[in-house]
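Down below is the structure, laid out as C-alpha cells.
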Amino acid sequence: MPWRVDERTCIGCSVCTDASPEVFWLDEDAGFARVKAPSAPEDRPDCREAGRGCPVEAISFTEREEGGETEEES
Ligand code: SF4
C-alpha cells in the first residue's frame, strides 16, 4: 500500500484530510486518519502537502508492499 498512515502515531488532527480529502479521511470513531486512495501517485501535490503538513510525520509513501513481489503479469 503506497500511501500509508501510521495509526499508532496519528493524532487525528485532520491536516491531511483537509489537504487531500480524496485520498485521506478521518475515522472519527477510531481517532486517526485512514487512506482511501492508497494508489494515488507519489507526486500528487495534495498528497505531498498532506505529508508535509502532518505534525507527527505519520504519513509515508512506499513504492510497493514490503517484501512482496507485487508486479503484475501482463
Ligand atoms: S495530518 Fe498526520 S496526525 Fe493529522 S490526521 Fe493526518 S496523519 Fe493524522
What pairs come out if I take residues in segment 5-25 that are under 15 Å from residue 52 (Cα atoms) and pair them with residues that are part of a helix (DSSP H, G or I) and more than 9 Å from the ligand (Cβ to nearest atom) whose C-beta lies under 6 Å away, six or more apart or interchain? 19/46; 19/49; 20/46; 20/47; 23/47
Do you know which residues across segment 10-23 are surrounded by 14 or more Cβ atoms within 10 Å (Cβ to Cβ) and β-branched (Val, Ile, Thr)? 15, 17, 23
Please determine whether any residue of segment 38-50 is among the hydrophobic types (A, V, I, L, M, F, W, C), touching a residue at least 12 places away in the same chain (Cβ under 8 Å) and within 10 Å of the ligand (Cβ to nearest atom). yes
Could you check how many residues of segment 8-48 are part of a strand (DSSP E or B) and under 10 Å from the mean Cα position of the chain (by Cα)? 5
Need the failing condition index for residue 59 against (1) within 10 Å of the chain's Cα centre (by Cα); (2) more than 6 Å from the ligand (Cβ to nearest atom); (3) hydrophobic (A, V, I, L, M, F, W, C), just the number. (2)
So which residues in segment 24-40 are surrounded by 12 or more Cβ atoms within 10 Å (Cβ to Cβ) and farther than 16 Å from residue 12 by Cα? 37, 38, 40
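No value in this document is a laboratory result; all are computed from the given coordinates. Model, not experiment: these values are computed from the prediction. Note: ideal-geometry Cβ built from the backbone for every residue, glycine included; neighbour counts use all protein chains shown.
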